[in-house]
Each structure stands twice: as structure tokens, then as C-alpha cells.
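Take a look at the structure below.
We did not get these values from a lab; they are worked out from the coordinates using the rules stated. Note that the structure is a prediction, hence the values are computed from the model and not measured.
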Amino acid sequence: MGKVVIIMGSKSDLKWSKRIAEALDEFGIKSVLRVASAHKVPLKCYELIKEYEKKDVVFVTVAGRSNALSGFTDAQTCCPVIACPPYSDKFSGADIYSSLRMPSFVAPMVVLEPANAALAAAKILGLTDKRIQEKIKEYQTSVREALEKDNQDVQDGA
């Protein structure tokens, strides 16, 4: 069974990362939270990636400001990497570009919402785990049913 390794650039990313971990719990997916800055401790970050990539894993990177973590992680592994940078209005959201603009042959997926990053990781792991795939289908069904109910409520004037 696969797991998700959530790597934070610093402890200040913990609240955002916990939101991802909680959403993963809904799919029955185990996650691990780690801190390793690609700027400040690149060798430790590299060791962490190499430690976990031996397993069936998806990496989710959480780093704001100058997000070297996502590109660094992606360049060091053949496992999927999802960048989920926390939003900051300090720079009017412009720091997102450090997650979007990557060098050649470096391709982390960028997903901005923690719950959606968890869903993307679940879909990747679900390719080889039918149990996760079923949980995703159940989740999607519940979302569709809620929308149908909301539509009916609006039509009924509620």
C-alpha cells in the first residue's frame, strides 16, 4: 500500500500540510510529515527523498516564497511530486510563480488547495490500489449528490 510523504520547507508550513494529511485520511491513505528545506539543508532533503522513494510513494511538497523544494524533489526522484504551496498575500500571490516556472525536465504537478492535492495523490496511488480507487468513487458520488441536493433546494426556494 502506498503512502504520501509531505515535505515542508519549514515548520511554518505545518498547518497547511496538516490539511493535506487530514484529507488523505479520508481516503485511508497514510502520510508522513517531514521538514527539509531545499535551500538550507539540500543534502538532508536529498537523503529524505532517497529514503522514501524506495516505497510506493507520492511526494507532496509544501513551501512558500521561493519554492525550490518542489523542483528539487522532482529532479531527484522518479516518483510523482505534487507542489502545494501555501497561499500568501504578502506578494499578492506572485510567489506562486516559483512553483509554476520549472527548469527543463523538472515537472512537479502544482495543486493549490490542500484537499485537491490529497485527491491528486489519491488518484495516483489509486492506479494500483483498488481500495483507494473505490474511496475516490465514493467521494465523487457524495459530491455529485450534494450538488444535486443543492440544485433541488434552490429550485424549491430554500
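List of remarks:
- For the chain, the equivalent ellipsoid built from the Cα gyration tensor has semi-axes of 30, 20, 13 Å, listed from largest to smallest.
- Compared with the direct C-alpha span, the chain from Glu51 to Arg34 gains 4.9 nm at full extension, assuming 0.36 nm per residue.
- With 27 Å as the limit on Cα-Cα distance, the pairs of Lys11/Lys54; Lys54/Lys135; Lys3/Lys44; Lys3/Lys137; Lys30/Lys90; Lys3/Lys149 that go past it are Lys30/Lys90; Lys3/Lys149.
- For the stretch 3-155, share of DSSP beta bridges that run antiparallel, in % to the nearest 5: 0 percent
- The separation of the stretch 44-63 from the stretch 1-35, counted between C-alpha centres, amounts to 12 Å.
- Over the chain: helical MRE at 222 nm, DSSP H runs n ≥ 4 each giving -39500 (n - 2.57), nearest 500: -15000 deg cm²/dmol
- In degrees, nearest ten, helix 130-155 long axis to first principal axis of the chain (Cα): 50 degrees
- Relative contact order (%) - criterion: Cα under 8 Å, at least six apart; region: the stretch 3-155: 24 percent
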